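The values are calculated or read from the model by the stated rules, or taken from the named source; none is laboratory data. Just so we're clear, the structure is a prediction, and the values are computed from it rather than from any experiment. All Cβ positions, glycine included, derive from the backbone under ideal geometry; neighbour counts span all protein chains shown. Note: areas computed on protein heavy atoms with side chains; ligands, DNA, RNA excluded. Shrake-Rupley method; radii C 1.70, N 1.55, O 1.52, S 1.80 Å.
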Amino acid sequence: MVTKFRHIVFSVLMLSNLAAISQEKKAKTTSSDYTQYVNPFIGSAGHGHVFVGANVPFGAVQLGPVNIFEGWDWCSGYNYASNTILGFTHTHLSGTGIGDLNDILLLPVSGKVPLFKGTKEDMVNGYGSYFSHENEISKLGYYSVLLDKYKIKAELTASERVGFHKYTFNSANDNHVLLDLADGIGWDKPVKTFIKKLNETTIVGYRFSAGWAADQRVYFAMEFSEPISKLALYDDKAAVNGNEGEGLKMKAILDFATKNKQVLVKVGISPVSSENAAANIKAEIPNWDFNQTVKTATSKWNKELNKIQIKADDKTMKVFYTSLYHTMFAPSIFNDANGDYRGTDKKVYEKANFTNYTTFSLWDTYRGLHPLYTITQPEKINDIVKSFLAIYEQQGRLPVWHLMGNETNTMNGNHSIAVIVDAYLKGYRDYDTALAYEAIKKTAMQTRDGMDYVQKLEYIPADKLLESVGNALEYAIDDYCVAQMAKSLGKTEDYNYFTKRANLYKLYFDKETTFMRGKLTDGNWRTPFNPLSSAHRKDDYVEGNAWQYTWLVPQDPYGLIELFGSEKKFLDKLDSLFLITDKVEGEEVSPDISGLIGQYAQGNEPNHHIPYLYAFAGQPWKTAKLIREIDDKFYSVKPDGLCGNEDLGQMSAWYVLSSMGFYSVNPANGVYVFGSPLVNEATIHHKEGISFTVKAIDNSKTNIYIQKAEYNGKPYTKSYITQEMIVKGGELKLFMGSKPSTTLGVKKADRPF
């Protein structure tokens, strides 16, 4: 009996130890430091336009340096080619093709404080400083730089709604902080600004501006670690007496009585009020522990990066985790810690029961970023939809390109529809689904930008509206999505109507030239016609040409194949896309058309699904070859490591998905088409306890083709996987080889549906 009892005790102890070891292994896995692979400077040079500075995932505050503006490639406020810093601003855009934000500029200064900014040629007489990248550090949640002119080290970190500055001066004498509310970036101009000294350590105010966001309102509260001994206020260059002032271009020079060489500043921002901005500071960074705030910010990033754990070569590790990092700058939080936010109608909505988001570059992100979120950000999907529905109720239609509570109407289509339908069909329904359907249907029944023709099941005449083909093809994608939700809800009449609208893309296909073309009111094709032509904002396409737009039918590739007449003709044309290198001499081409392989443009989002179309014609191995070529040519670890605008995460989302071996061609049907995995192994942690692992067996630079596959230990012959497979968890093995497989995904039954 004693022996049996000892055996039981020993067994229990062994099981406990094994469980502990298992938990320890699990803990080690979930706490891996992937921040070490992230280089925030990737994409900061060239056309990448990415934000560089301190922030947390999806944070309202993006605190970073602003250079002297030198043109389009400074849309974020910073470009790695620069050696100037004018100050540090609290809001930025990452990867956009239009400049805005860069609100609330702070600059630590020693000596004389000019009221106007320096120039590239003269940084002596104006404010600002030269700097060297050798004295610049950018890590997740932290940024620092030495300002050469002032010999001041500036360090930055952030929480969701608070920017935290740490300035180390060279001496304890003649030190100041400049606050400038006049300056923005790009289109942005101040409308009304206000500064007030609330007490000896606190400044409050606001900056209202007009730009890409036509009516942007940012309120702030600033808390200083040292008492303010003197406050000098100016409206532009005119002195303003007293401790407060309102004007067009308010500025402040702050002096400090302390002899301490360090001054810390916490800046809370709010879309509602300075009081809320101050409350955000209290809620998120109540102390003065700068280092702990850095650790917290870094930890938040690492938690997000751990949602996808990969094994790969060093270059792929760096590009992958930098890309994953870039997918989490936007959408950005747009309500206060207490839930308050300002709506599109400019009314204040108090204590909202959801996280309200803004900064939606939907023409870009509906294609890959939002499908990625349904895998990696399940806790945010319902709130994103709720944000859309709030916007719908406030402005009467769903957002197109929303920025800081403003509808910018930038780009074409109504792609919030695709995002909502994708979420709905994947089971994300913690919102008013009846309101959601009402919103997508009403939005689809607008009459703007050619939709009046679409409503009547007609083509958009090219002589009545520019960009008619680009508009029509994007509308067809959204109409397909409306039809799918209508079908799910049993709305047969709506399903039939929107299915007809989704098929209108066929009216633009010229069977003689086999291109999508602009058609005139009289029914003739627009002439002259050159499929290479891509005159920016002057033709039938949107940042592209006929070669690129002919393939923009991700909702119905099989219907597109039928238009060509046969799979062979489709494949021959698709092959040609990647071979034609001719150009139209003397034509002003959109800078967005970049990253070219033939006429394929990786640098612009309407192209992103095209390499994966081969799977629909039974030749997935051609996709594999292209994915490896795109990776090799257009994604690197250098500052110019992106071939086009990051566009708030879509350029990186394409890489994240593609590197795991698949991509979402159709943005709203939960199917991910195989390409060629760049990683040797990837584990997606969808939810606590649910993981999906992809293993690329014998993967290498030469073994780029999937030979066969196994799913949960059983043979798998299809050239795609589904959302259901990923979110249920399991293991997919892809066996790689140096020659194309003649079986995987070849049969029609094995092709993507």
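Within segment 301-319, is even one residue touching a strand residue (DSSP E or B) at 6+ places or on another chain (Cβ under 7 Å), basic (Lys, Arg) and either over 30 Å from Gly111 (Cβ atoms) or in a helix (DSSP H, G or I) (or both)?
yes
Which members of segment 253-266 meet the condition of being crowded, with 24+ Cβ neighbours inside 10 Å and farther than 16 Å from Tyr219 by Cβ? Please lay out each step first, then the result.
Taking segment 253-266 and keeping what is crowded, with 24+ Cβ neighbours inside 10 Å, we get 254, 266.
Listed by number, the list holds a single entry, Leu254.
When residues of segment 694-717 are filtered for being in contact with a Ser or Thr (Cβ under 6 Å, 6 or more places away or on another chain) and closer than 20 Å to Lys315 by Cβ, how many remain?
Residues meeting the conditions: 3.
Before we move on, is Ala709 buried (at least 24 other Cβ atoms within 10 Å of the Cβ) and either at positive phi or not hydroxyl-bearing (Ser, Thr, Tyr) (or both)?
Numbers: buried (at least 24 other Cβ atoms within 10 Å of the Cβ): no; either at positive phi or not hydroxyl-bearing (Ser, Thr, Tyr) (or both): yes.
No, not satisfied.
Go through segment 159-204 and give me each residue that's in contact with a helix residue (DSSP H, G or I) (Cβ under 8 Å, 6 or more places away or on another chain) and closer than 16 Å to Gly87 by Cβ.
Selection gives Phe164, Lys166, Ile185.
Out of curiosity, is Lys346 basic (Lys, Arg), surrounded by fewer than 18 Cβ atoms within 10 Å (Cβ to Cβ) and in a helix (DSSP H, G or I)?
Against the criterion (basic (Lys, Arg), surrounded by fewer than 18 Cβ atoms within 10 Å (Cβ to Cβ) and in a helix (DSSP H, G or I)), Lys346 does not qualify.
Tell me, which residue of segment 536-560 that is hydroxyl-bearing (Ser, Thr, Tyr) and assigned to a helix (DSSP H, G or I) is nearest to the chain's Cα centre (by Cα)?
Tyr549
Sort through Leu507, Leu457, Leu465 and tell me the only one that's on the phi > 0 side of the Ramachandran plot and either part of a helix (DSSP H, G or I) or touching a helix residue (DSSP H, G or I) at 6+ places or on another chain (Cβ under 9 Å) (or both).
Values: Leu507 fails: on the phi > 0 side of the Ramachandran plot; Leu465 fails: on the phi > 0 side of the Ramachandran plot.
Answer to the selection: Leu457.
Could you look through segment 393-418, keep only residues that are outside any loop (DSSP other than H, G, I, E, B), of a type outside the set (S, T, N, Q) and touching a residue at least 60 places away in the same chain (Cβ under 8 Å), and pick out the one that is most open to solvent (accessible area, probe 1.4 Å)?
Out of the qualifying residues, it is Glu407.
For segment 179-251, please list each of the strands (runs of 3 or more DSSP E) lying entirely inside it that holds at least 3 residues being aliphatic (A, V, I, L, M), open to solvent by 20 Å² or more (accessible area, probe 1.4 Å) and at pLDDT 95 or above.
Passing ranges, in order: 238-240.
Residue pairs, Cβ under 7 Å, 6 or more apart or interchain, first in segment 714-742 and surrounded by fewer than 17 Cβ atoms within 10 Å (Cβ to Cβ), second in a helix (DSSP H, G or I) and of a type outside the set (S, T, N, Q). List them.
Matching pairs, first to second residue: Thr717/Asp750.
Of these, Leu563, Leu574, which one is part of a helix (DSSP H, G or I) and under 21 Å from Gly603 (Cβ atoms)?
Matching residue, one of Leu563, Leu574: Leu574.
Got at least one residue in segment 525-538 being open to solvent by less than 10 Å² (accessible area, probe 1.4 Å) and not small (Gly, Ala, Ser)?
Looking for residues that are open to solvent by less than 10 Å² (accessible area, probe 1.4 Å) and not small (Gly, Ala, Ser), one finds none in segment 525-538, hence no.
So which residues in segment 495-506 are open to solvent by less than 60 Å² (accessible area, probe 1.4 Å) and either within 18 Å of Leu563 (Cα to Cα) or in contact with a His (Cβ under 8 Å, 6 or more places away or on another chain) (or both)? Don't jump to the end; show me each part of the working.
Pass one, segment 495-506, residues open to solvent by less than 60 Å² (accessible area, probe 1.4 Å): 497-499, 501-505.
If the condition is that a residue be open to solvent by less than 60 Å² (accessible area, probe 1.4 Å) and either within 18 Å of Leu563 (Cα to Cα) or in contact with a His (Cβ under 8 Å, 6 or more places away or on another chain) (or both), then Thr499, Arg501, Ala502, Asn503, Leu504, Tyr505 are the ones that fit.
State yes or no: is Thr581 more than 24 Å from the chain's Cα centre (by Cα) and either closer than 26 Å to Cys75 by Cα or at pLDDT below 95 (or both)? Don't jump to the end; show me each part of the working.
Numbers: more than 24 Å from the chain's Cα centre (by Cα): yes; either closer than 26 Å to Cys75 by Cα or at pLDDT below 95 (or both): yes.
In short, yes.
I'd like the full set of residues that are surrounded by 13 or more Cβ atoms within 10 Å (Cβ to Cβ) and not in a loop (DSSP other than H, G, I, E, B), limited to segment 110-136.
The answer is Ser110, Lys117, Tyr127, Ser129, Tyr130, His133, Glu136.
Could you please tell me which pairs satisfy a Cβ distance under 6 Å, a separation of 6+ or placement on different chains, a first residue in segment 627-655 that is closer than 20 Å to Gly675 by Cα, and a second residue that is among the charged types (D, E, K, R) and open to solvent by less than 10 Å² (accessible area, probe 1.4 Å)?
Final answer for the pair search is Gln650/Asp364; Gln650/Glu605.
Just to check your reading of the model, which residue among Asn102, Asn67, Asn83 is open to solvent by 10 Å² or more (accessible area, probe 1.4 Å) and either more than 16 Å from Asn135 (Cα to Cα) or modelled with pLDDT of 95 or more (or both)?
Exactly one residue qualifies, and that residue is Asn83.
Scanning for something open to solvent by 20 Å² or more (accessible area, probe 1.4 Å), in contact (Cβ under 8 Å) with a residue 24 or more places away in the chain and not in a helix (DSSP H, G or I), does segment 437-453 turn up at least one residue?
yes
Here's a check for you: in segment 421-432, which residue that is buried (at least 16 other Cβ atoms within 10 Å of the Cβ) and either part of a loop (DSSP other than H, G, I, E, B) or free of Cβ contacts under 8 Å to residues at least 60 places away in the same chain (or both) is farthest from the chain's Cα centre (by Cα)?
Tyr431
Can you find even one residue in segment 452-462 that is touching a Cys at 6+ places or on another chain (Cβ under 9 Å) and under 30 Å from Ala423 (Cβ atoms)?
No, the conditions are met nowhere in segment 452-462.
Scanning for something open to solvent by 10 Å² or more (accessible area, probe 1.4 Å) and touching a Lys or Arg at 6+ places or on another chain (Cβ under 8 Å), does segment 478-494 turn up at least one residue?
Scanning segment 478-494, I find at least one residue that is open to solvent by 10 Å² or more (accessible area, probe 1.4 Å) and touching a Lys or Arg at 6+ places or on another chain (Cβ under 8 Å), so the answer is yes.
Taking the criterion of being modelled with pLDDT of 95 or more and in contact with a helix residue (DSSP H, G or I) (Cβ under 8 Å, 6 or more places away or on another chain), would at least one residue in segment 587-594 satisfy it?
Within segment 587-594, none of the residues are modelled with pLDDT of 95 or more and in contact with a helix residue (DSSP H, G or I) (Cβ under 8 Å, 6 or more places away or on another chain).
Are any residues in segment 515-524 in contact (Cβ under 8 Å) with a residue 60 or more places away in the chain and open to solvent by 70 Å² or more (accessible area, probe 1.4 Å), and if so, which ones?
Residue satisfying the conditions is Thr521 alone.
Hey, among Ile310, Ile269, which residue is of a type in the set (A, V, I, L, M), open to solvent by less than 20 Å² (accessible area, probe 1.4 Å) and touching a Lys or Arg at 6+ places or on another chain (Cβ under 8 Å)?
Matching residue, one of Ile310, Ile269: Ile269.
May I ask you to list pairs of residues, at least six apart or on different chains, whose Cβ atoms are under 7 Å apart, with the first in segment 558-571 being more than 17 Å from Asn666 (Cβ to Cβ) and at pLDDT 95 or above and the second being surrounded by 14 or more Cβ atoms within 10 Å (Cβ to Cβ) and among the basic types (Lys, Arg)?
Short answer, once both residue conditions are applied: Leu563/Lys506; Phe564/Lys573.
How many residues, within segment 577-621, are touching a Phe, Trp or Tyr at 6+ places or on another chain (Cβ under 9 Å), more than 21 Å from Gly46 (Cα to Cα) and open to solvent by less than 40 Å² (accessible area, probe 1.4 Å)?
The number of residues fulfilling the criteria is 12.
Which condition number in (1) crowded, with 17+ Cβ neighbours inside 10 Å; (2) in contact with a Phe, Trp or Tyr (Cβ under 8 Å, 6 or more places away or on another chain) is the one that Ser658 fails?
(2)
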